[in-house]
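Below is one structure, written out as structure tokens; comments come after it.
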């Protein structure tokens, strides 16, 4: 398509020819084992190569020194044993026509002292790093020389490992930019003070690298165009740094981002999510590209191919990173080349992938159950040997994914949805402030289901009789869940749910107690909705913090907005009872530590306590099913078909997915359906 020609043109980076301008920037999905590559890690990148990408970068924060430990699942490049692993990895990516590079770094103070070998963090100065709470040792001259040699040796291993090149991280508050930034560098020697002095350490790193590997190997740098923090590097500072490093002749490309990552606020800014506009920092690489004579790359919420193409066509960048976009759909480029733009599963900016990393888990896409699971989950659904009739009940994410996958298998699929539109709980979540883009998940699933011929019956409640009339071979119950407080909350009849507020069944009252013992998005989202409507809100939770299960890129916009709206936070309090007193509702709260009780008199009490399955239809269908509703977990985990036949008189297989089983989240709902239905 002519609209995307600029994106699909080859590009020459030094001696390397990339088949197009689309790349995936360095990031760490935490698929390692003991800081080494795994088959899972390799397949994650090979899938992008199969999908048509020009350049994929791995090893976000790959460590070069022992006092920069692999503390959050990243790789290490500290000895020659990585060389054959890199060679095998590169060969597999090259086989599919893509280039492979790595990011190397020393984290400096941006780590902890009580992990790895328990070595003290080192940095340009002794100032504490807020996010990791570490007090670093100010580097002495011998530390500086040692780390510079470590960088050079790591680069040698990458070259001998057959990688096409690499970048050094001088972004996100790593060691090189800790020397650059006045926020971290308070030295008084030749590595501190003036900007020229603060640039010295990084330039010496490149000098050591070039002595070791020569000038022909591709080595670039990743840096910020504006740190956007107090005492941080300004755009003018960053432009001066870019000019100096480009003029040195030792740097082959500059990969520019916006922001830093010193604390929750700056972390959220450096990885903009759905609360942000599209491509918010594109002006930063554009300004640098106008001043340097080397290639410039950029990553920063570029979720769609139209925005990416304009970034290239208008001359802002030479290569555009669509990193999270390809977590959502690693076949993005191939679909673009095949004129199938509508089939691209577009990133909605939920931040589920990166936020999992910041709470010690592996990266997963909120809407793609196959990403990161390429060993067991398909991105392309294989056709079944025999066409069957499948009925799906429920048009939320679980039901839509079940319908899509079954139809892609070649089955005849009917989907019942009682509401007039699809979406389930996503339709509620998208009504919350700044969360509307979640509806993109539903739009893509619905489009794919309709393209595959799914018979979607909106505004139609499924009954046992109606399903029997369809004569299905399999029934998938995806009715979701409903809030229920009856089993634990005395006076629950006086409570409202998030569903009541966001669904419009109840209007916000002047004073509201928002109680959340779930710790995920619904509670803070509802509190924002209430506050925006003018309610005076107190947010109460038995947890130590509001939104305790949310990661760094999502907790910040929630908390910023709630504070700005004057919401009061009361942690460590458990709701035990609600009773009426005149026109007011009185909430009885018990302190989790002292067990002392206190009360609040408010107009409304809204409770977020997850959901219980809507299971009436499932229970009605179970006696006539061949498996009596049982899912063979061993077969499910092994990727084998479900073959339980415990009821010889049964007429169909019966399964449940998503919140119709238990209260979880969007990703769990979609993953449930993918791994079950890919074998139906």
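Taken together, the values in this text are just the output of simple stated rules run on the coordinates, not laboratory data. Since this is a predicted model, take the numbers as computed values, not measurements. All Cβ positions, even for glycine, are placed from backbone atoms using ideal geometry, and neighbour counts span all protein chains on display.
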message = Using a 7 Å offset from Cα along Cα-Cβ at residue 464, what residues in segment 645-661 end up with backbone N under 14 Å from the label point?
response = 650-652
query = For helix 141-160, what angle does its Cα long axis make with the longest principal axis of the chain, in degrees from 0 to 90 and rounded to 10?
reply = 70
request  = For segment 138-184 and segment 95-114, write down the distance between their C-alpha centroids in whole Å.
outcome  = 10
query = How many angstrom lie between the C-alpha centres of segment 219-248 and segment 29-66?
reply = 26
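If you take the square roots of the eigenvalues of the alpha-carbon gyration tensor of the chain and sort them as a ≥ b ≥ c, do you get rounded (a/c under 1.5), prolate (a/b over b/c) or oblate?
Working: a/c = 2.12, a/b = 1.40, b/c = 1.51.
Oblate is the answer for the chain, as a/c is 1.5 or above yet b/c matches or exceeds a/b.
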request  = Mind pulling the angle between the C-alpha long axis of helix 39-50 and the longest principal axis of the chain? Nearest 10 degrees, somewhere in 0 to 90.
outcome  = 90
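Using Cα pairs under 8 angstrom and six or more residues apart, how large is the relative contact order of the chain, in percent?
Computed over the chain, the figure is 10 percent.
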inquiry  = Starting from the 7 Å offset along Cα-to-Cβ, what nm value, one decimal, do you get for the label separation of residue 384 and residue 457?
reply    = 1.8
inquiry  = Could you tell me the calculated FRET efficiency between residue 436 and residue 240, based on Cβ-Cβ distance and R0 = 45 angstrom, to the nearest 0.05?
reply    = 0.70
inquiry  = For a quick size check, give me the Cα extents of segment 496-585 along its three principal axes, largest first, whole Å.
reply    = 41, 26, 22
request  = Work out how much length residue 507 to residue 248 would gain on full extension: take 0.36 nm times their residue separation and subtract the Cα-Cα distance, in nm to one decimal.
outcome  = 86.9 nm
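Assuming R0 = 30 Å, what is the FRET efficiency of residue 421 and residue 616, from their Cβ-Cβ distance, to the nearest 0.05? Show your work: numbers first, answer last.
Numbers: r = 22 Å, r/R0 = 0.73.
Given R0 = 30 Å and the Cβ-Cβ separation, E is 0.85.
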ask   = Using alpha-carbon positions, what is the distance between the centroids of segment 269-308 and segment 346-364, in Å?
value = 20
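Set the Förster distance to 60 Å, then compute FRET efficiency between residue 490 and residue 119 from the Cβ-Cβ distance, nearest 0.05. It would help to have the intermediate numbers written out before the result.
Details: r = 53 Å, r/R0 = 0.89.
Efficiency computed from Cβ-Cβ geometry: 0.65.
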query = When the chain is fully extended, how far beyond the present Cα-Cα distance does residue 216 get from residue 662, taking 0.36 nm per residue of separation?
reply = 154.9 nm
query = How far is helix 666-677 tilted, in degrees, relative to the longest principal axis of the Cα atoms in the chain, given as a value from 0 to 90 rounded to the nearest 10?
reply = 70
query = Over segment 2-357, what number does the Rg to Rh ratio reach, with both radii from the alpha-carbon atoms and Rh per Kirkwood?
reply = 0.94
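Would you mind calculating the gained length between residue 230 and residue 591 on full extension (0.36 nm times residue separation, minus the Cα-Cα distance), in nm to one decimal?
Numbers: separation 361, 0.36 × 361 = 129.96 nm, distance 3.71 nm.
Full extension from residue 230 to residue 591 adds 126.2 nm.
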